Amino acid sequence: MAYTVTIEEENKEIASRYKDLLKGTYRTLTTADKKEIRKAFELAVEAHSSQRRKTGEPYIYHPIAVAKIVAYEIGLGPKSIVAALLHDVVEDTHYTLEDIEREFGETIGRIVNGLTKISRLNKEQDASIQAENFRKMLLTLNDDVRVILIKIADRLHNMQTMDAMPPHKQLKIASETLYIYAPLAHRLGLYNIKTELEDLGLKYTEPEVFNDILAKITDSKEEQDKYIKEFNKTLKDILNKEGFKYTIKGRSKSIFSIRRKMRAQNVTYDEIYDKFAIRIVYKSDDKQEKFDAWKIYSIVTDHFQPNPTRLRDWISQPKSTGYESLHITVMGPDNHWVEVQIRSERMDEIAEKGYAAHYKYKNADEKETGLDSWLNRLKETLENPDGNAVDFVENFKLNLYTKEIFVFTPNGDIKAIPKGASALDFAFTIHTEVGMKCRGAKVNGKLKPISHVLISGDQVEIITANQQKPNIRWLDFVVTARARSRIKSALKEEQKEIAKEGKEILARKLRSLKLTYNEKTVHELASYLKLKTSFDLFYRIGNGSIENSQLKDFAAQKSNAFISFFKNRIKRTTSTPPNNKEEINQKYDMLVFGQEEEQLEYKLAKCCNPIPGDKVFGFLTINEGIKVHKNDCPNAVGMQAKYAYRIMSAKWIDSTQQDFRVFLHVSGSDKFGLVNQLTKVISSNMHVNIHQLNISGNEGVFDGRITISVKNNKQLTRLVNNIKKIDGIEKVDRIYKQ
């Protein structure tokens, strides 16, 4: 439909929208505030006067709409409203940042500058560049959190008005919104905006699914409204008797959350029962607030049967965004489950406005809030230079949407950590050094491994050991971005140390083979062994992955000039030239199964065609052995639901970086201090980890079983030889079943 409006009508509409913006702002505006907002509005109107949106409408409609979201829905003050009106001026018009700072001051200039930088960054297409851009964008959170809040408002209005864009742009913007902006809105407590961003994202990424669920919600709305009315009548009668002042709101679950539940539970729309929630918002003073919440809870559960597994108490321990509420699920009329949310007007305001309302109610003498501490932790993570940006964004996203649990330190302090976090994650939340040296944990007084998954209410004491250091297996069970980034950084440092040692070993070995140690020889050897970098070569020499026989073969080839020339010609045309990046090539050359990471025969499933590096699982078939499927295979949910006992964990690994579990049987004469010597010898062997040590002595005879992790056979042979040298040890055998 063509846009046909006269200039006069447009000017009236612009004036009307501006008045509407000032009418319902969350903060009270002074005369000076209104004057500043008016000045920003007039500058934006003049700056954007020649611009049009894709719909044909004047461009100024967009900054006004963004300012309105900032003022009404996020609840920010006059400075943010001014910055929202000006957010595209520097990017799209002849005005400069200096002009903005001169007219509106340094704070507004800084916010507009942050928004301009984000706008420019998002124009890149490449995934890794885009991820790096998000890292830079998130850095502005600590610089001034208002930059991100205004950017979220900007993205919301763009999503609301995207119909005129070509489909490929709609898909790109919607995907980016679901990828980062909706999770950010969630983490900043903007639940209404998060919900709308998710639904609009689904509208453009999966339009058929979106329209199908929307149609079903619309069809059932009359019936749903009738049900809510009936449920509310009972609630009103009992709350009125107790003299509460309150309002009751009924709300449908979002289309996105219904879709997520349908996929997670593998059910149809009709099989989802809690498609809507009832919210009781009560008036109360500060002293009575908590008491009233639990009193209403008691009244509701006296009349409706609660589901005890579905109680969520965010009042005793608010979320780190400041969110407070009691959530209960009760059996309503006609045996339908209904979620009831109980919160005060203050709690409801914080839930609706997030950051802004949280600070409205914060006292000056209050301690650092959850949001403040989250922002501080975030800055530390963002500024860690290690690791690539794509990994960073993926890990960061894990911490945006995760549900929280609350665990106690030995002193009784409460720590909020993501659901599914291990004892090792908890160790890293206390301090990086505690995490690095974490050996185990006492959970509720009982000794547990570092991989133990914590639940709300656990009291956790971390046990450390000076000789402990991170290994690659740790990445299999940590879920927090902080722990993952610290472990990866430590592993990288360890790899550098191994490579440094490998470089010296290689120089000695090449000299003994009568070969000159120089850059040319190193590159030729790396190429011969099909490795991409010299670092790769040094690392593998250092950890013993490359056998002496391979080096001898290389030397033999070098001695024949003709063969050497011929083969080098082939290598130059077929192999990847070495690059100087000190990065280990992730080859994913082996698939292993189960906790013991065994190599077993398998076939790749044709339904999802997994490739090395994919997240996969093994399925034990009746006639065809193990079939390997991707975790997101269309058949995965069905197989896991019906045949859980036939599912095997599996993962792709780089065999040169893998540890292998080995069982040793040690026997001899029981001498004083022998156990101490034995553990010292094992610990002093580089990169060997002890998992289990069972020693028994009987009338002078010593017998022990040891479980260790080694990199390869060469390392094991060296260790066995060193153990045999201990006075009193007579026999060391490798056993293959524990």
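The values are calculated or read from the model by the stated rules, or taken from the named source; none is laboratory data. The model shown is predicted, which means the values in this text are computed figures rather than measured ones. With ideal geometry, Cβ positions are generated from the backbone for all residues, glycine too; neighbour counts draw on all protein chains shown.
Of all residues in segment 73-115 being among the hydroxyl-bearing types (Ser, Thr, Tyr) and closer than 18 Å to GLU36 by Cα, which is farthest from the chain's Cα centre (by Cα)?
Within segment 73-115, the match that is farthest from the chain's Cα centre (by Cα) is TYR95.
Within segment 56-68, identify whether any single residue is among the hydroxyl-bearing types (Ser, Thr, Tyr), closer than 23 Å to ASP144 by Cα and either crowded, with 16+ Cβ neighbours inside 10 Å or within 37 Å of the chain's Cα centre (by Cα) (or both), and answer yes or no.
no
For segment 138-204, list the helices (runs of 4 or more DSSP H) that sit wholly inside it and hold at least 2 residues that are touching a residue at least 40 places away in the same chain (Cβ under 8 Å) and within 21 Å of LYS79 (Cα to Cα); which are they?
145-160
Check SER485, SER534, SER512, SER527 and return the single one that is under 21 Å from TRP652 (Cα atoms) and not hydrophobic (A, V, I, L, M, F, W, C).
None of the others qualify; the one that does is SER485.
Can you pull out the residues in segment 531-552 that are assigned to a loop (DSSP other than H, G, I, E, B) and either in contact with a helix residue (DSSP H, G or I) (Cβ under 6 Å, 6 or more places away or on another chain) or closer than 13 Å to ALA499 by Cβ (or both)?
LEU531, THR533, ASN543, GLY544, SER545, ILE546, listed by residue number.
When the residues of segment 287-324 are filtered to those that are among the small types (Gly, Ala, Ser) and either part of a helix (DSSP H, G or I) or out of contact with any helix residue (DSSP H, G or I) (no Cβ under 6 Å at 6 or more places or on another chain) (or both), which remaining residue is farthest from ASP348 (Cα to Cα)?
For segment 287-324, the residue satisfying everything is SER298.
Yes or no: VAL267 under 30 Å from GLN640 (Cα atoms), among the aliphatic types (A, V, I, L, M) and under 27 Å from the mean Cα position of the chain (by Cα)?
yes
Can you pull out the residues in segment 413-444 that are over 21 Å from GLY322 (Cα atoms), surrounded by fewer than 22 Cβ atoms within 10 Å (Cβ to Cβ) and out of contact with any strand residue (DSSP E or B) (no Cβ under 8 Å at 6 or more places or on another chain)?
Of everything in segment 413-444, those that are over 21 Å from GLY322 (Cα atoms), surrounded by fewer than 22 Cβ atoms within 10 Å (Cβ to Cβ) and out of contact with any strand residue (DSSP E or B) (no Cβ under 8 Å at 6 or more places or on another chain) turn out to be HIS431, THR432, GLU433, MET436.
Looking only at segment 600-621, count every residue that is in contact with a helix residue (DSSP H, G or I) (Cβ under 9 Å, 6 or more places away or on another chain) and surrounded by fewer than 17 Cβ atoms within 10 Å (Cβ to Cβ) and tell me the total.
Within segment 600-621, residues that are in contact with a helix residue (DSSP H, G or I) (Cβ under 9 Å, 6 or more places away or on another chain) and surrounded by fewer than 17 Cβ atoms within 10 Å (Cβ to Cβ) number 2.
Taking helices (runs of 4 or more DSSP H) that fall entirely within segment 418-530, which contain at least 2 residues that are in contact (Cβ under 8 Å) with a residue 12 or more places away in the chain and of a type in the set (Lys, Arg)?
Filter on segment 418-530 gives 481-512.
Please pick out the residue among ARG259, ARG251, ARG279 that is touching a residue at least 40 places away in the same chain (Cβ under 8 Å), within 30 Å of LEU149 (Cα to Cα) and in a strand (DSSP E or B).
Being touching a residue at least 40 places away in the same chain (Cβ under 8 Å), within 30 Å of LEU149 (Cα to Cα) and in a strand (DSSP E or B) holds for just one of ARG259, ARG251, ARG279, which is ARG279.
Could you list, in sequence order, the residues of segment 337-367 that are among the hydroxyl-bearing types (Ser, Thr, Tyr) and modelled with pLDDT under 90?
TYR355, TYR359, TYR361
Which residues, counting only those in segment 282-315, are without any contact (Cβ under 8 Å) to a residue 24 or more places away in the chain and polar (S, T, N, Q)?
Hits for segment 282-315 are GLN288, SER298, THR309.
Out of segment 209-237, which residues are touching a residue at least 60 places away in the same chain (Cβ under 8 Å) and of a type in the set (Ser, Thr, Tyr)?
TYR227, THR234
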